[in-house]
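See structure below.
The values are calculated or read from the model by the stated rules, or taken from the named source; none is laboratory data. Computed from a predicted model, the values in this text were never measured in an experiment. All Cβ positions, even for glycine, are placed from backbone atoms using ideal geometry, and neighbour counts span all protein chains on display.
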Amino acid sequence: MRNHLRTFMLLAALTALFVGAGYAIGGPTGMLIALVFATGMNLISYWNADKIVLSMYRAQPADETDPDPIVRNYAADVRELAARAGLPQPRVYIIDQDQPNAFATGRDPQHAAVAATRGLLRMLDRREIRGVMAHELAHVKNRDTLTMTITATIAGAISGLANFAFFFGGRDEHGRPAGMIGAIVVAIVAPLAAALVQMAISRGREYEADRGGAEISGDAEGLASALRKIEAYAKGGVYNPDAERHPATAHMFIINPLAGSGGDNLFSTHPATENRVAALMRLGGGAPRGPVARAPEARTAPVGRRRGTAVPVTGDERQGPWGS
């Protein structure tokens with residue numbers, strides 16, 4: 001009930017931003033058009049936002065019949081972890097991007113999907129991949145995915161409306177041009193306000209999903225190691241061009257996929273990775289360890305590697321059945 005209320009409040013806030021931007025651009029007529037458009041967008045987003053986001057990243061279905069054994073293991077592990085979490089089996093996708101990252105989407109657990117990049121499967125070991133996917137399944141279990149996916153689509157539309165205002169200006173209630181100053185205000189304030197809403201719903205939920213993922217996988221240290229490696233690659237210059245084209249979706253990923261992402265500050269869509277690692281290590285009864293090897297060196301590892309990981313494992317020897 002709390003998540004449903006939070007989703008409703010979020011939709012109301014984003015709709016108000018959208019309608020307010022429409023008024024600033026076109027007065028009462030612009031507000032009415034924006035209201036009709038926002039209502040239709042809310043309905044479309046509820047039923048189809050997952051398909052929209054997956055198509056943005058050209059995600060392709062993955063299963064245990066894939067010729068690549070790493071993809072087969074990934075699909076099988078997602079299904080096993082979902083069963084362990086008591087969730088319906090999600091749809092499993094793979095994204096053809098080098099940056100290691102992942103996200104979950106869908107309006108409820110019965111219509112959920114998880115997606116991982118090829119970079120994630122290539123650069124992390126199986127234990128760490130399981131930790132990442134358990135984190136995404138925790139988002140599904142907590143019913144975060146509806147809010148996160150709808151936010152991505154509507155916030156992107158608000159940014160697009162603001163860009164329209166910047167180029168075409170606005171009009172007052174009498175139909176007179178409002179001038180470039182009003183257009184610039186809309187172009188700056190509307191996407192900023194949408195981003196603030198995104199941040200408000202995203203950062204706390206990442207900590208909760210980390211904790212839930214550690215419980216599902218039974219391996220807090222595996223997830224902590226994965227978070228450090230993903231961030232190392234992102235900071236090392238492994239970019240995600242699709243994410244750069246669709247920045248309103250950044251909060252959906254396990255680690256901010258955008259270049260230049262920072263730590264725990266007002267304009268960060270994710271908590272600082274070191275803070276997340278410290279919390280996970282406390283769950284696992286360990287202490288945070290030093291940073292992993294630099295990503296640019298790791299990228300020299302050959303594509304298609306079948307054992308281990310392209311980056312040295314954080315800490316001691318790997319444990320469990322996925323350590324080889």
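See the values below:
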quantity: Exclusive hit being at pLDDT below 50 and either touching a helix residue (DSSP H, G or I) at 6+ places or on another chain (Cβ under 9 Å) or of a type in the set (S, T, N, Q) (or both), set Arg307, Arg245, Arg318; calculated: Arg318
quantity: Number of the exception - Ile255 against (1) buried (at least 19 other Cβ atoms within 10 Å of the Cβ); (2) modelled with pLDDT of 90 or more; (3) assigned to a helix (DSSP H, G or I); (4) not polar (S, T, N, Q); calculated: (3)
quantity: Test: residue in the range 49-63 that is of a type outside the set (Lys, Arg) and closer than 20 Å to Arg127 by Cα; calculated: yes
quantity: Residue match in the range 90-98 (condition: buried (at least 19 other Cβ atoms within 10 Å of the Cβ), closer than 20 Å to Gly212 by Cα and hydroxyl-bearing (Ser, Thr, Tyr)); calculated: no
quantity: Index of the failed condition, Leu87 passing every other in (1) hydrophobic (A, V, I, L, M, F, W, C); (2) within 23 Å of Arg228 (Cα to Cα); (3) touching a Leu at 6+ places or on another chain (Cβ under 8 Å); calculated: (2)
quantity: Residue within the range 220-238 that is surrounded by fewer than 18 Cβ atoms within 10 Å (Cβ to Cβ) and at pLDDT 85 or above present; calculated: no
quantity: Condition check for Ala62: surrounded by 19 or more Cβ atoms within 10 Å (Cβ to Cβ) and farther than 28 Å from Ala259 by Cβ; calculated: no
quantity: Segments classed as strands (runs of 3 or more DSSP E), wholly inside the range 49-151, with at least 1 members that are among the polar types (S, T, N, Q); calculated: 102-105, 113-117
